[in-house]
Amino acid sequence: VFKNVEMAPPIQVFQLTKMYNECSNENKVNLGVGAYRTDEGKPWVLPVVREAESQMAADLTLNHEYLPVAGMPDFRTSATKILLGTNHAAISENRTESFQALGGTGALRLAAAFLGNVLGFKVVYVSNPTWGNHKGIFKSAGFSIKEYRYWDNANRSLDFSGMMEDLSNAPENAVVILHGVAHNPTGVDPTPDQWKTICQTCIDKKLFVLIDCAYQGFASGDLDQDAFASRYFADQRMDMFVAQSFSKNFGLYNERTGNLVVVTKDASKLPEIRSQMEIQIRVIWSNPPNHGARIVATVLNNKAYYEQWKGDILTMANRIKKMRQELYDALRDMSTPGNWSHITKQIGMFSYTGLSEEQVELMKTKYNIYLLSSGRISMCGITSKNVAYVAKAIDAAVRA
Ligand code: PMP
């Protein structure tokens, strides 16, 4: 039965981690995986998460019963509030609903199921480039995938006019995935004014907006600032979805904690939306896991924990910014050919270095520094100890 099953191509980012783990060079560096690391290169459990977990472990009223199909109510409402802001009109006018999902990936997959199965949408536009999984998620839900221009390689910045041209030419009822903050992989976001133009074009052209918000807090260290795009779109009273992930800003990668937020023009169709969404959930994961959602709900509903969490986010965002600066300074000190100012200008977890595939290959084989062939590096993999080594390798690759 299985004799014709062919080997699928490896998932590049996990392949890199495997190569890194198997490498014996003590200077090896993993710049592939998008997960936060301390300055010692270690995974970090946020202190506020440890505290919430201790409190949960001591609470003998908690149990392991199934959660509702739509997820934990406290988690869903508090997650929606940090996204839109507690006093947002969409919340006070009851024009939102949300559904707990298996991480940001699950929220996107649920969105795709609803948009395809219930609304009959067939085409999705993603940025070129985008997080690799966007295409796979929507393809597996039966969508055809189109791209809008995003990255201007010559200037290492946003190709805004190309993006607007492509969105303007998209057919009605196409779904458009926008990265709400800290675009992955480029680390380049539209300015607030550009966001306004993008939003107006989506409204004028009747495009369905799905914002992927996987890095709230990671770009600026400030939850409100990083929610600008999501809130601006929601302010326009349009029907839209936002896929939220708590993998990064809570460090809950393996707990699969996400939320699909629905914002509508008017509340009257929410009961129907809820019922159809629950049917989609029922056949994919039936009901979601508890642990991560309970942590997030515990933190967001406790003033002291919430403040502590904001401090933890700042710790992560500031360390990343510091590494951007140190990497830039090291390249400048070596007069590495090229302009590297994009490293400090780009935001969030990643930097799109502009290194070519051959240069990436040289860094991998000669220096045992593992990064995606697109030249994307996770800034989290850089530490005070290895930044000089990484800079030296980039310098050598560029001069080779
Ligand atoms: N969207 C983007 C742009 C991402 O970078 C990621 C994580 N790499 C996700 C969604 C999914 O996150 P999660 O791990 O919560 O599924």
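The values are calculated or read from the model by the stated rules, or taken from the named source; none is laboratory data. Keep in mind it's a predicted model, so treat the numbers as computed, not measured. A quick note on method: Cβ atoms are made from the backbone with ideal geometry, for glycine too, and the neighbour counts reach across all protein chains shown.
Among the listed residues 221, 217, which satisfies the condition of being farther than 21 Å from residue 134 by Cα and within 16 Å of the ligand (Cβ to nearest atom)?
None of the other options fit; the residue is 217.
For segment 33-91, the set of residues classified as under 30 Å from residue 275 (Cβ atoms) and within 16 Å of the ligand (Cβ to nearest atom) consists of 71, 75, 76, 79, 82, 83, listed by residue number.
Counting the residues of segment 233-264 that are among the small types (Gly, Ala, Ser) and away from the ligand (no atom under 14 Å from the Cβ) gives 1.
Looking across segment 133-158, the residues that are in a strand (DSSP E or B) and charged (D, E, K, R) come down to 146, 147, 149, 152. I'd like the residue in segment 185-214 that is part of a loop (DSSP other than H, G, I, E, B) and under 16 Å from residue 148 (Cβ atoms) and, out of all such residues, is nearest to the ligand (Cβ to nearest atom). My answer is 185. The conditions of being of a type in the set (Asp, Glu) and within 16 Å of the ligand (Cβ to nearest atom) are not met by residue 272. Residue pairs whose Cβ atoms lie under 8 Å apart, sitting 6 or more positions apart in sequence or on different chains, and linking a residue in segment 83-98 that is in the same structural domain as residue 269 (by TED's automatic domain parsing) to a partner that is loosely packed, with under 12 Cβ neighbours inside 10 Å and not in a strand (DSSP E or B), are 95/266.
I want to confirm something. Restricting to segment 159-184 and keeping residues that are within 16 Å of the ligand (Cβ to nearest atom) and outside any loop (DSSP other than H, G, I, E, B), which single residue is surrounded by the most Cβ atoms within 10 Å (Cβ to Cβ)? The selected residue is 178.
Quick one: is residue 130 β-branched (Val, Ile, Thr), in a helix (DSSP H, G or I), in contact with a strand residue (DSSP E or B) (Cβ under 8 Å, 6 or more places away or on another chain) and within 12 Å of the ligand (Cβ to nearest atom)? Against the criterion (β-branched (Val, Ile, Thr), in a helix (DSSP H, G or I), in contact with a strand residue (DSSP E or B) (Cβ under 8 Å, 6 or more places away or on another chain) and within 12 Å of the ligand (Cβ to nearest atom)), residue 130 does not qualify. When we screen 102, 115 for residues that are within 16 Å of the chain's Cα centre (by Cα) and closer than 27 Å to residue 278 by Cβ, the only hit is 102.
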